[in-house]
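No lab work stands behind these numbers, since they all come straight from the coordinates. This is a predicted model, so every value here is computed, not measured. Note: ideal-geometry Cβ built from the backbone for every residue, glycine included; neighbour counts use all protein chains shown.
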Amino acid sequence: MQLFSCPFCGERDETEFTFCAEAGKTRPEPAAEVSADAWARYLHFDHNPKGATREVWLHATCGEFFLMERDTVSHAVSGSHSLRRPEA
Amino acid sequence: MRKTMRDRGLFWSPAPDWTTARIDGDAYSVRRVLGLGQALVSGDLDAALAELMPAAPEISLWSVAAAEPFAVRIGRDRTLLVSPGPLAAAPGWRNGYVATPCDDAYAILEISGVALREIVAEGTSVDINAGSRSAAVLFAGVTVLLYRIGPETARLHVEAPLAAYLWAWLEGRS
Ligand SMILES: [Zn+2]
């Protein structure tokens, strides 16, 4: 069992979390001009690095999407960050 | 009539008669609490509480709620208002929030007794002593809201269709 840290809830069991996407992908736009190839690349292709990575995860029980920095080899989590803009 | 589909209804544990159902286990008992009002709120929670339930305390994981009304925190923008009876909240967005009456959407199971901590330890891996702003946790594999109304009495709010499953789980451990 591993603990992940939700920026809202704090530490929770990994089973409460769902991987969403690698962070830093930019959706190709405008939609009407995006080729099927480019769209497929955006949807299905990942860098899948060996080592340090930045990913978007969902804490499913509370509904928080957040950025997690972790290592794909050691599984060590080095940071969890809210994706919220700072409060105005 | 010819059967064209398997009746999955027979696969699931039958729902007990909630008005009388009771589990009397070793050092704990369980019943379903009926008649409370519940409303899901999304958006600006401060504005919603000020308008719908001023002075109602916010309840987080494992914290103790004295009496209804109170607001059980689900997530950053979500809370569940719990009131002594159905809450009159008009549906739709206003003042930055939306409140949706959902009195029957969640079943409320109340577990009482000295075995409470043991049951919680079996059901969830969360560290209840560490505290957490959200009362939502995975319990016996399903998402519930978990808080207490006394030192040895806890409540689980679970989506109503999952109540019979959770009941069978609680019954099975006795
Ligand atoms: Zn969370």
Sites matching trypsin sites (Lys or Arg not before Pro) across the stretch B:1-95 that sit in DSSP coil, with at most 10 neighbouring C-beta atoms within 10 Å: B:ARG2, B:LYS3, B:ARG6, B:ARG22
Fewest-first sequence of A:SER80, B:SER13 by Cβ atoms within 10 Å of each Cβ: B:SER13, A:SER80
- request: Could you list the square roots of 5 times each eigenvalue of the Cα gyration tensor of chain B, that is, the equivalent ellipsoid semi-axes, sorted largest first and rounded to whole Å?
  value: 28, 22, 14
Percent RCO, i.e. relative contact order, over chain A, from Cα pairs under 8 Å lying at least 6 residues apart: 28
query: Cysteines without a disulfide-compatible partner in the protein assembly as shown, using Cβ under 4.7 Å as the rule?
result: A:CYS20, A:CYS62, B:CYS102
Alpha-carbon centroid distance for the pair the stretch B:97-136 / the stretch B:16-57, whole angstrom: 10
message: What does the extension gain come out to for B:PHE11 and B:ARG94, with contour length at 0.36 nm per residue minus their alpha carbon separation?
response: 25.6 nm
query: How much net charge surrounds B:PHE70 when only the other residues with a Cβ under 13 Å from the Cβ of B:PHE70 are counted, with Lys and Arg +1 and Asp and Glu -1?
result: +1
- prompt: In Å, what is the Rg of the alpha-carbon atoms in the stretch B:58-105, and how long is Dmax?
  reply: 11.5, 31
Efficiency of FRET from Cβ geometry, B:GLU159 and B:GLU68, R₀ 30 Å, rounded to 0.05: 0.90
query: Taking Rh as the Kirkwood radius, which is the inverse of the mean 1/r over Cα pairs, what is the Rg/Rh value for the stretch B:94-174?
result: 1.01
- prompt: Could you work out the helix-only [θ] at 222 nm for chain B, with each DSSP H run of four or more residues adding -39,500 (n - 2.57) and the total divided by the number of residues, to the nearest 500 deg cm²/dmol?
  reply: -4000 deg cm²/dmol
- prompt: Given +1 on the Cβ of Lys and Arg, -1 on the Cβ of Asp and Glu, and no further charges, what dipole in debye does the protein assembly as shown carry about its Cα centre, rounded to the nearest 20?
  reply: 460
query: Cα convex hull of chain A: mean projected area in nm², to one decimal?
result: 7.4
- request: Considering only A:THR61, A:THR18, A:THR72, give the residue with the highest GNM mean-square fluctuation for chain A, with springs between Cα atoms whenever their separation is below 10 Å.
  value: A:THR61
field: Efficiency of FRET from Cβ geometry, A:LEU3 and A:LEU43, R₀ 30 Å, rounded to 0.05
entry: 0.50
field: Spin-label pair B:ARG22/B:ALA105, simplified geometry with 7 Å Cα→Cβ offset, distance in nm
entry: 3.2
- request: Determine, at each q value in 0.15, 0.16 (inverse angstroms), the log₁₀ of I(q)/I(0) that the Debye formula gives when each Cα of the protein assembly as shown is one equal point scatterer.
  value: -1.14, -1.21
message: Could you give the length gained by full extension between B:VAL114 and B:ARG2, i.e. 0.36 nm per residue of separation minus their alpha carbon distance, to one decimal place?
response: 35.1 nm
field: Percent breakdown of C-alpha pair distances by 5 Å bin, ordered from the shortest bin, for the stretch B:90-132
entry: 5, 15, 14, 15, 12, 13, 12, 11, 4
